[in-house]
Amino acid sequence: MVVSLALLTQPASATFRGSNGKIAYSSGGSIYGVKPDGTGRTRIAANATRPAFSPLGRRIAFERTINGNRDIAVMQADGSGVRRLTYRPAAEGDPAFAPDGAGVALTRKVSGNWDIYRMKADGTGLTRVTKSAYRDYGPAWSSKQTIAFVRNVGGNHDIYTARPGAGRRRVTSRATHDSSPAWSPDSRKIAFVRSGDIYTINLATRALRRLTRSGGFDPSWSPRGTKIAFSRGPTRGREIYVMRADGRGVPRRVTAERGDALSPDWQSSGHDPVIAGAGDIACDPAGRYFNGGAGTKTLCRGQHTANRLLNMDLDKIFALGDDQYTKGTLSQFQQSYDSSWGALRTITAPSVGNHEYRTPSAAGYFDYFNGVDSAAGPAGNRDEGYYSYDVGANWHVVVLNSACGYSGDGGTVPGGCDAGSPQEQWLRADLSANARPCTLAYFHHARFSSAENVRAFWDALYDSGVDLVLNGHDHTYERSAPQTPSGELDRDRGIRQIIVGTGGKSHGALNSDVPNREVANNDTYGILKLTLRPASYRWEFLPEVGKTFADRGTTNCH
């Protein structure tokens, strides 16, 4: 069925605090990005319009036409990892992210009525926000959880706001055409379009200010709140401009499309990096508990932990090994992992586990993450499986291969894991070359629980002042105090170990002989979120929806 969104002519915009990043906009059926000074124009995605950045600027929600239907999709800010959020035979558009990044507001037409809806950023949980006989459209979500939208009553278009539990509030009330509400980053003002020009209204004082007198559409505030991007020009000839937020001075044109540049949205940037993940994730798709990916109440919960990730603004995802059961073949990855955590593969930095090596040389794992028969890629070199990367300006991350000699696993990392092995020598050289103040390492097997054979890793990590080690393998969540490689408490230079084998496959027993353990749980699936600050890190265990166990804290880097 072909539907039309022709009536949604004035998309909304929301801006969240941060540094001024790029401006995304629509032109010719594609989304482009450009720096605020007009340089660095790049195409982000084709068959995509009306971009809306997430609060931290790492994702973009947008409209996409598929089989004649206009639906909502989301992608990373660079255009990778496109995921469709809606699959309904209804007209849907005008996406706007919630201030926590976990929800998306949208306009939806059902049975002839246009209303505002909201859903989770993973595409589930669709709920209706407005329900009236009038046409409601163009939602914009403020940083304080209030949604502004346009209501058309008898041809008069006015701005309203809606807040859960607080009803509807009319913001403008004139016999004019008011549209395109855009919240300022502090949520004190709304910029909007009135009869072809841009105005702002102060929500507390109701003071109205006209910013343009030569036309303007689709306003979007800069994250610092000092400027506004907007579209101006004749139909099929509009360009993106930037002006001061008080309207003074001459607007600067930042595009030269010679087409129609519309719907600008300003990216918030400069935030602390956030990474998240777990290990021991995806069940064998041929297993009795897989259940088409839904799992049972207690087993095969990979889709449920993936939903946690899909609702977050992340720089990277870490997969801590045994990412795919039972043998980690390419077919198993494609049928199971890919349908859950695989939705975020483009930002995943994986580590390999012993179950992947039950396919000789972990071929399925490397084929999935690097590409079939590719010698290298996001999972490191095929014959090594260890690598490193940087996150933000202050963090270095080391990913190791701890699959060293486990019985029945069909092969091990070449050279093993002992002192003097190629991997241990590479690790020491990598750490020696690292100049960043904070360092994180992760690999599948935990030194203080299940893997004496990774002692050489710990010796090298401790010698270089590494701050945190993450592991899987044990199907539990366990956090230990900072300690030495021999298990002695050391709060000055010790390394904190956190086991996050809670990705969804199953639960395991707690080892009773773990030194310096502070927290332990073996009945809750979930993911670990790390906020990587310039000189510290904050950890937070996030359980799957409906569970209550949690763990959080902050530690300074060495």
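Note down the net charge around ILE275, summing +1 for each Lys or Arg and -1 for each Asp or Glu among other residues with Cβ under 14 Å from its Cβ.
On the way: positive: ARG58, ARG308, LYS316, LYS529, ARG533, ARG538; negative: ASP272, ASP313, ASP315, ASP390, ASP467, GLU540.
Residues near ILE275 contribute 0 overall.
Once you wrap a convex hull around the alpha carbon atoms of the chain, what is its projected area averaged over all directions, in nm²?
On the way: hull surface 106.2 nm².
Mean projected area of the Cα convex hull: 26.6 nm².
If I model a spin label as a point 7 Å beyond the Cα along the Cα-Cβ vector, how far apart are those points for ASP463 and ALA204 in nm?
Result for the modelled spin labels: 5.9 nm.
I need the phi-derived Karplus couplings for the range 120-131: 6.51 cos²θ - 1.76 cosθ + 1.60, θ = phi - 60°, integer Hz, Gly and Pro marked x.
6, 6, 8, x, 9, x, 5, 9, 8, 9, 10, 8
Which residues' amide hydrogens lie under 5 Å from the amide hydrogen of THR255, considering only partners 5 or more residues apart or on another chain, with H built in the peptide plane?
Close amide H contacts, sequence-distant or interchain: ILE240.
Go ahead and estimate [θ] at 222 nm for the chain from helices alone: -39,500 (n - 2.57) per DSSP H run with n ≥ 4, summed, over the residue count, rounded to 500.
Details: 5 runs with 44 residues, N = 558.
Computed ellipticity for the chain at 222 nm equals -2000 deg cm²/dmol.
I want to verify the translational diffusion coefficient of the range 1-153 in µm²/s; compute it with Stokes-Einstein, Rh as the Kirkwood radius over Cα pairs, at 25 °C and 0.890 mPa s. Intermediate values should be presented prior to the final figure.
Details: Rh = 15.5 Å.
Roughly 159 µm²/s, to the nearest whole number.
Quick one: 3J(HN,Hα) in Hz for the range 202-217, Karplus 6.51/-1.76/1.60 with θ = phi - 60°, rounded, Gly and Pro as x.
With coefficients 6.51, -1.76 and 1.60, one gets 7, 5, 7, 9, 6, 5, 10, 9, 8, 9, 10, 10, 10, x, x, 9 Hz.
Taking R0 as 25 Å, what's the FRET efficiency between ARG224 and ARG43 from their Cβ-Cβ distance, rounded to 0.05?
0.45
LYS227: which aspartates and glutamates have alpha carbons under 15 Å from its alpha carbon, excluding same-chain residues fewer than 8 sequence positions away?
Candidates past the 8-residue exclusion: ASP37, ASP186, ASP218, ASP246, ASP265.
Working out 0.36 nm times the residue gap between ARG258 and ASN156, then minus their Cα-Cα distance, what length gain in nm do you get to one decimal? Don't skip to the answer; put the middle values down first.
Working: separation 102, 0.36 × 102 = 36.72 nm, distance 3.24 nm.
So the extension gain works out to 33.5 nm.
Hey, how many Å between the Cα centroid of the range 144-168 and the Cα centroid of the range 335-351?
That distance is 38 Å.
Counting alpha carbon pairs within less than 8 Å and at least 6 residues apart, what relative contact order, in whole percent, applies to the chain?
Value for the chain: 10 percent.
Using alpha carbons only, how many angstrom separate the centre of the range 457-500 from the centre of the range 205-231?
The range 457-500 and the range 205-231 have Cα centres separated by 51 Å.
Can you give the FRET efficiency for SER30 and LYS547, using 1/(1 + (r/R0)^6), R0 = 41 Å, r = Cβ-Cβ distance, to the nearest 0.05?
On the way: r = 41 Å, r/R0 = 1.01.
My answer for the efficiency is 0.50.
In square nanometres, what is one fourth of the surface area of the convex hull spanned by the alpha carbons of the range 271-411?
Working: hull surface 34.0 nm².
Across all orientations, the range 271-411 yields a mean hull projection of 8.5 nm².
How long are the semi-axes of the ellipsoid equivalent to the range 457-558, from square roots of 5 times the Cα gyration tensor eigenvalues, in whole Å, largest first?
Working: eigenvalues 109, 54, 23 Å².
After scaling each eigenvalue by five and taking roots: 23, 16, 11 Å.
Amide H of THR212 versus every other amide H placed in the peptide plane: which residues, excluding those fewer than 5 positions away on the same chain, fall under 5 Å?
Amide H neighbours of THR212: ILE198.
Sequence-distant or interchain residues sharing an amide H contact under 5 Å with ASP94, placed H: which?
THR107
Compactness ratio of the range 13-269: Cα Rg over 2.2 N^0.38 Å, N = residue count?
Numbers: Rg = 16.6 Å, N = 257, 2.2 N^0.38 = 18.1 Å.
The range 13-269 yields a ratio of 0.92.
If you average the alpha carbon positions of the range 84-111 and of the range 275-323, how far apart do those two centres end up, in angstrom?
So the two Cα centres are separated by 25 Å.
Counting only the backbone N, which residues of the range 164-197 are under 15 Å from the spot 7 Å out from the Cα of THR127 toward its beta-carbon?
164-167, by backbone N distance to the label point.
Among the listed pairs LYS109/LYS189; LYS120/LYS327; LYS505/LYS547, which have their C-alpha atoms separated by more than 22 angstrom in this model? Intermediate results must be reported in sequence, preceding the final value.
On the way: LYS109/LYS189 28 Å; LYS120/LYS327 33 Å; LYS505/LYS547 16 Å.
Distance filter (> 22 Å) returns LYS109/LYS189; LYS120/LYS327.
Looking at the range 436-529, send over the antiparallel percent of its DSSP beta bridges, to the nearest 5. The partial results should precede the final answer.
Details: 9 of 16 bridges.
Restricted to the range 436-529, the bridges split so that about 55 percent are antiparallel.
In whole Å, what are the extents of the range 276-556 along the principal axes defined by its C-alpha atoms, from largest to smallest?
Result for the range 276-556: principal-axis Cα extents of 47, 42, 37 Å.
I want the local charge near SER132. Using Cβ-Cβ distances under 11 Å, sum +1 for each Lys or Arg and -1 for each Asp or Glu among the other residues.
Details: positive: ARG128, LYS131, ARG135, ARG151, ARG168; negative: ASP115, ASP136.
Taking every other residue near SER132 into account, the sum is +3.
Read-outs throughout are calculated quantities, based only on the coordinates presented, and are distinct from any laboratory measurement. What you see is a predicted model, and the numbers here were worked out from it, not measured in a lab. Positions of Cβ are backbone-derived with ideal geometry, glycine not excepted, and every protein chain shown enters the neighbour counts.
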